[in-house]
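Note sheet for the following structure.
Here, each number is a calculation from the coordinates, and none is a lab measurement. Please read all numbers here as calculations on a predicted model, not as lab measurements. Backbone-built Cβ (ideal geometry, glycine too); neighbour counts: all protein chains shown.
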Amino acid sequence: MPVLIPDIFRDPMAYLQAEALLRSLFDRIKCADYQGPMWTQWMTTTGIDGTRFYDDGAPVYSQVCEERARAITVWIVDPQDALGSSNIFRALMEPYGEYGEIDVLDISCVLTDENLATAEQLIRLYMVDDQTPEAMTLHIEALLPNDKGRGRAKHSLALASLDYGLRKHFCRLRDVVRPCTASYDATLKPGNVFNASMRFGEPDGGQEVVVSAQAKHDGEKTRLSYHLGKSNGEGRRQGPMAEISAACDAPDDARLVKQWLDALAQFVDENRHLLP
């Protein structure tokens with residue numbers, strides 16, 4: 001696939017050309033097909049002193065819809081850093097902001113006609129068709145095989161909802177705890193359908209608080225569980241539990257996951273004294 005603007009990060013005029021190309025893509029979608037709340041430019045490429053940035057430290061173009069609490073970022077991958085491959089295209093949905101208040105469709109790609117067409121397809125789904133972040137995760141996973149979409153959904157809307165909902169839950173937990181170190185890990189463990197752990201450590205290196213959430217097969221069901229406590233087991237509390245189908249793909253599973261996630265918020269509020 002021919003690269004459209006190969007010198008994007010070495011020539012300011014090339015950078016501006018790429019920026020204009022992405023702006024025209026968004027404008028075409030908004031003018032031709034979109035009907036809804038206003039989307040406007042989001043992240044700036046200009047410093048406080050008015051200096052323009054022409055590097056890869058920020059998205060080349062971004063848009064936000066404040067009414068829907070949604071945003072789209074497009075990062076351009078330098079073709080010289082892509083080991084000669086022009087077909088690099090990555091996309092994922094990510095909660096953004098201190099409390100995960102904005103749902104971001106984040107796209108990174110080498111600038112080619114094919115990649116622009118793929119980006120436009122995803123942008124239309126999110127902007128025009130108003131797809132949920134969870135549904136977008138499945139679209140990305142289907143559209144970008146071989147892990148290019150960094151899909152965590154495992155081909156189930158319920159598990160996509162579980163993963164995305166827990167990442168937003170983690171962001172909200174940062175609002176509850178006082179300043180501390182924090183990390184999120186969703187590495188799959190043996191026997192689990194889904195596993196996530198969140199760790200909050202005292203700035204002075206004291207005892208960590210661990211929040212864990214799991215989906216685990218149990219006969220004909222998949223059981224959802226949640227625990228909160230210190231890493232040494234002190235003050236451990238079991239949170240709400242729920243059940244969904246073994247395959248995690250029954251019609252009501254996504255709704256049951258959402259109810260469980262809503263219950264977690266109340267549980268954390270009742271046990272916030274255990275957090276740092």
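Annotations
- Backbone phi angles across segment 10-23, fed through the Karplus curve with coefficients 6.51, -1.76 and 1.60 (θ = phi - 60°), yield HN-Hα couplings of 10, 9, x, 5, 5, 4, 5, 5, 5, 4, 5, 5, 5, 4 Hz in residue order; Gly and Pro are listed as x.
- All alpha carbon pair distances within segment 12-143 were sorted into 10 Å bins beginning at 0; the resulting P(r) in whole percents reads 12, 43, 36, 9, 0.
- CD proxy at 222 nm, helix term only [per DSSP H run n ≥ 4: -39500 (n - 2.57); per residue of the chain; nearest 500]: -10500 deg cm²/dmol
- Selected from G233, G47, G57 as most flexible by GNM, with the chain as the system and alpha-carbon contacts under 10 Å: G47
- Spatial offset of segment 74-123 relative to segment 38-73 amounts to 14 Å, using the alpha carbon center of each.
- Computed over neighbours whose Cβ is under 10 Å from that of Y54, the net charge equals -2, Lys and Arg +1, Asp and Glu -1.
- For S245, distant residues with modelled amide H under 5 Å away: T222, A250
- The GluC sites (Glu not before Pro) of segment 207-276 that meet both conditions, a loop assignment by DSSP and at most 11 other Cβ atoms within 10 Å of the site Cβ, are E220, E234.
- Most fluctuating residue given options D49, D253, D78, as computed from a GNM of the chain linking Cα atoms under 10 Å: D49
- Fraction of beta bridges assigned by DSSP in the chain that are antiparallel (%, nearest 5): 85 percent
- Antiparallel DSSP beta bridges within segment 1-136, as percent of all bridges there, nearest 5: 70 percent
- Nearest-ten-degree value, helix 253-270 long axis tilted from longest Cα axis of the chain: 70 degrees
- Residue order, fewest to most beta carbons within 10 Å, for L22, L111: L22, L111
- Largest to smallest principal axis extent of the C-alpha atoms in the chain, angstrom: 59, 45, 39
- Charge sum, other residues only, whose C-beta stays under 14 Å from T40's C-beta, Lys/Arg counted +1 and Asp/Glu -1: +1
- Extension reserve of the E66-Q17 stretch, reckoned as 0.36 nm per residue once the Cα distance is removed: 14.9 nm
- The trypsin sites (Lys or Arg not before Pro) of segment 20-121 that DSSP puts in a loop, and whose beta carbon has at most 16 other beta carbons within 10 Å, are R68.
- Fully extended contour minus Cα-Cα distance, from A58 to R236, at 0.36 nm per residue: 60.0 nm
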